[in-house]
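Please read the structure below before turning to the comments.
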């Protein structure tokens, strides 16, 4: 069999295994995901009115005009609406497996070794973070793929010295990256800065700046809204980091007990209510290959040094953003490791192949990391199957029935707790929701998240809210002090739907 056909057979089989690992978690359950329903709503809006001026009036606590990176939802809008609603769960895994094939092909072209190519693809297929983060519809897989393509074209341009066609490809794919995912774009800028310093070559940073300018130009200035949106999100995290993980009702200054709050609940500062140590353990658990990366040989093939620095710089950024308080405005450090999976897998696999086997220290540690990855994926599957409440990956049956009843109800906004179900209920019911958080000035969102800071009747009157949807195991209508102001419309399993009556409603 010709080597190319053999490569296609082997790496195609690895891609199939990788796809299966990413979707089998949905077997027997209705797929969900927090980001899914927002992206479906965004894609529907683009389909109705193509362009970057996308408006989602159904979100009552965020800007009307959307300022999310627009490329991913715009591409989703090219898919038939019916297909997307039925098969949305397959989009992110499919993109991720394309990334896997790109990595395997790169390893094969550089090394000429089918073994290195297959092992590289296997490291990617069994990466726990990529398995867990592709379970729902989001733009992170596309961002990671475009990040890899942008850096690879940039390396080809600087390594080969040819302007055409590599420089135009660098600029176009770099612009597409900036318009697809903020975290992947920030990681790209950081890698360019590191490579410029290591190679003493300003072209890396110059290309990144050119791609940024092209993104702004092609989007008619919309990219500046994306940047402002990111800064507003950072400001929100800074103001509320001490409250992440708090219960919105029981630790609310309006509805909670006196003295309640994150500190009273024993919560330690960190990202989204998690301590830095716990974040670091999660980072290593989702990316065990970080441990083996420092053992990889430096410069095993012509592109080796650059790929090594690409991988090690993002691993360092991830750890630093997790542990160092001044860098926590960048968000959870583990978010940057998605863009390091390709160079990390290549560096380890090529190093093992060049050194002649798995018996070397880098090979032994990489093999142990691969076994740890399999164990982490098994733990992830068990964890997702065992969580009965506040589950965002799957749709509880009771929730689907409650939302079906809300769909039939007369017009009016609704309030939902926990808020992880707000996007789904809004998308499926067609009713506007007292929620936001996706874009714009997030100070309005602070009325209800992370904790409720204003009396609900006041908010209901202000925004035209008529219904209340609760997971009764999470909170109750009594905790919200609304017993005398609502009429029960039905209870399905642990979900209850109420109609709020403005008459007689007073301050909490």
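Data table
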item: Scan of the range 491-508 for residues that are under 16 Å from residue 409 (Cβ atoms) and either modelled with pLDDT of 95 or more or crowded, with 18+ Cβ neighbours inside 10 Å (or both), ordered by number; result: 491, 492, 495, 496, 497, 498, 499, 500
item: Number of the condition not met by residue 138 [criteria: (1) part of a helix (DSSP H, G or I); (2) surrounded by fewer than 23 Cβ atoms within 10 Å (Cβ to Cβ); (3) in contact (Cβ under 8 Å) with a residue 12 or more places away in the chain]; result: (1)
item: Residue in the range 168-180 that is at pLDDT below 95, in the same structural domain as residue 337 (by TED's automatic domain parsing) and part of a helix (DSSP H, G or I) present; result: no
item: The range 30-47, residues that are in contact with a strand residue (DSSP E or B) (Cβ under 8 Å, 6 or more places away or on another chain), part of a loop (DSSP other than H, G, I, E, B) and crowded, with 17+ Cβ neighbours inside 10 Å; result: 32
item: Conditions (1) touching a helix residue (DSSP H, G or I) at 6+ places or on another chain (Cβ under 8 Å); (2) modelled with pLDDT of 95 or more: number failed by residue 440; result: (2)
item: Tally, over the range 48-90, of residues that are part of a loop (DSSP other than H, G, I, E, B) and either under 14 Å from residue 427 (Cα atoms) or out of contact with any strand residue (DSSP E or B) (no Cβ under 8 Å at 6 or more places or on another chain) (or both); result: 19
item: Residue list for the range 31-54, filter: out of contact with any helix residue (DSSP H, G or I) (no Cβ under 7 Å at 6 or more places or on another chain) and within 24 Å of residue 446 (Cα to Cα); result: 33, 35
item: Residue that is nearest to the chain's Cα centre (by Cα), among those in the range 409-443 that are assigned to a helix (DSSP H, G or I) and closer than 19 Å to residue 249 by Cα; result: 420
item: Identity of the residue in the range 321-334, in a loop (DSSP other than H, G, I, E, B) and in contact with a strand residue (DSSP E or B) (Cβ under 8 Å, 6 or more places away or on another chain), that ends up modelled with the highest pLDDT; result: 332
item: Candidate set: the range 277-320, residues that are at pLDDT below 85 and assigned to a helix (DSSP H, G or I); chosen: the one surrounded by the fewest Cβ atoms within 10 Å (Cβ to Cβ); result: 277
item: Some residue of the range 335-348 being in contact with a helix residue (DSSP H, G or I) (Cβ under 7 Å, 6 or more places away or on another chain), more than 23 Å from residue 105 (Cβ to Cβ) and either at pLDDT 90 or above or surrounded by 15 or more Cβ atoms within 10 Å (Cβ to Cβ) (or both); result: yes
item: Every residue from the range 467-490 that is surrounded by fewer than 21 Cβ atoms within 10 Å (Cβ to Cβ), more than 11 Å from residue 417 (Cβ to Cβ) and free of Cβ contacts under 8 Å to residues at least 60 places away in the same chain; result: 478, 483, 484, 486, 487, 488
item: Residue count for the range 193-216, restricted to those that are in contact with a helix residue (DSSP H, G or I) (Cβ under 8 Å, 6 or more places away or on another chain) and without any contact (Cβ under 8 Å) to a residue 60 or more places away in the chain; result: 14
item: Number of the condition not met by residue 437 [criteria: (1) surrounded by fewer than 19 Cβ atoms within 10 Å (Cβ to Cβ); (2) at positive phi]; result: (1)
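Conditions (1) within 23 Å of residue 342 (Cα to Cα); (2) buried (at least 18 other Cβ atoms within 10 Å of the Cβ), marked per residue:
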{"site": "157", "(1), (2)": "yes, yes"}
{"site": "164", "(1), (2)": "no, no"}
{"site": "170", "(1), (2)": "yes, yes"}
{"site": "223", "(1), (2)": "no, yes"}
{"site": "231", "(1), (2)": "no, no"}
{"site": "236", "(1), (2)": "no, yes"}
{"site": "239", "(1), (2)": "no, no"}
{"site": "243", "(1), (2)": "no, yes"}
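The values are calculated or read from the model by the stated rules, or taken from the named source; none is laboratory data. Quantities reported herein were computed from a predicted structural model and do not represent experimental measurements. Glycine gets a Cβ as well: all are built from the backbone with ideal geometry, and neighbour counts include every protein chain shown.
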